[in-house]
Structures are given as C-alpha cells and as structure tokens.
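Just below is one structure, and these are the notes that go with it.
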C-alpha cells in the first residue's frame, strides 16, 4: 500500500491515456457481446456532465500523443455551479441487461444534441450493422441527427420536445379524436 500514492496513480493514468484505449475497449466489448450473447438490437444512449474542481492545464483540447485531450471547460452546468468546469460523459448501453457498449468524453461546453451523429456512427461500426434501434432523449430530435440515422438505414426512438410543431399537431389531433 505504501507504493500506491497520487503521483503513481497520476503516472498510470497518463500511460493509460497514451495507450490505444479504443482498441482495448472495442476488443473487450465485442468479446463480452459474443461470450454472453448480449442482444444489440436496441441500444440506449444518454449523456451527462461531470463537474470537476481544480486546475487542469493539460485538458484543453490540444492533441497529445496523436489524440485530442478532453477539454475541461465551463458550460451549462446541470449542478447549477457555473463557477466549476465540467466534461460531458456519453454512455450507450444495451437494452439487454444494461451492459455498457460504448462511451465517449467530450468537452465541457459541448451541447448534447451534436453528440448523436458520431455516437451512432461509432455504434454502427462497433456492432457491424445499422438496423439496431437507437433510443435517446429529446436532444436526438433534430433534423441533422434523425436525418443522418435514417439516411444510413438506422432506426431510432426519441421524445419530441414540447412546443415543437409536431408535438402541437399531435396534441391537437389527440384531443379531437
């Protein structure tokens, strides 16, 4: 235990950042899907901010070791702490047992709605097909994201935000019937 300290942990995290994490994670996820027969016909996605304190001069989006660093930034803080910086954590799980399938970290001022196209593309590449059902919150409900998924043979379920023309039309129709 005396060999475990914050300096050693920091060095190990630096080495993990520099490693080919994408290949490691992809190999692990595909192995779990195959070994345990995880059903990937329905994948659920959500994102949340992770609030951090302290100074992170190296986490500014610059490239390090050929990869961009996550940019810890001020953004729309869901913890109501505009004084603190944050990252955006994006997670996709299977409907079959809520098994984590993919995750990404984006800069702290990244809006949720722009994350769906790259996330869906990553999932399509990972599972090797586009016909899975992609389930996400109302931030998916954009012409760009839904159009991209549809154009590539994908399917999706989302929530139409209140106040959209489609929502108003449906509410009027439902009351008329």
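We did not get these values from a lab; they are worked out from the coordinates using the rules stated. Everything quoted here is computed from the prediction, not taken from an experiment. All Cβ positions, glycine included, derive from the backbone under ideal geometry; neighbour counts span all protein chains shown.
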Handout entry: Listing of strands (runs of 3 or more DSSP E) fully contained in the range 74-167 that carry 2 or more residues being in contact (Cβ under 8 Å) with a residue 40 or more places away in the chain and under 15 Å from the mean Cα position of the chain (by Cα)
Key = 85-94, 100-107, 133-135
Exercise for the section: Answer with yes or no whether residue 172 is assigned to a helix (DSSP H, G or I) and loosely packed, with under 12 Cβ neighbours inside 10 Å. Expected result: yes
Practice task
Kindly indicate whether any position in the range 144-155 is touching a helix residue (DSSP H, G or I) at 6+ places or on another chain (Cβ under 6 Å), surrounded by 19 or more Cβ atoms within 10 Å (Cβ to Cβ) and farther than 30 Å from residue 15 by Cα.
Solution key: yes
Handout entry: Subset of the range 97-123 [in contact with a helix residue (DSSP H, G or I) (Cβ under 9 Å, 6 or more places away or on another chain) and surrounded by fewer than 19 Cβ atoms within 10 Å (Cβ to Cβ)]
Key = 97, 99, 100, 103, 104, 111, 113, 114, 117, 121
Practice task
Kindly provide the set of residues from the range 17-40 that are under 27 Å from residue 111 (Cα atoms) and loosely packed, with under 14 Cβ neighbours inside 10 Å, ordered by number.
Solution key: 18, 20, 21, 22, 23
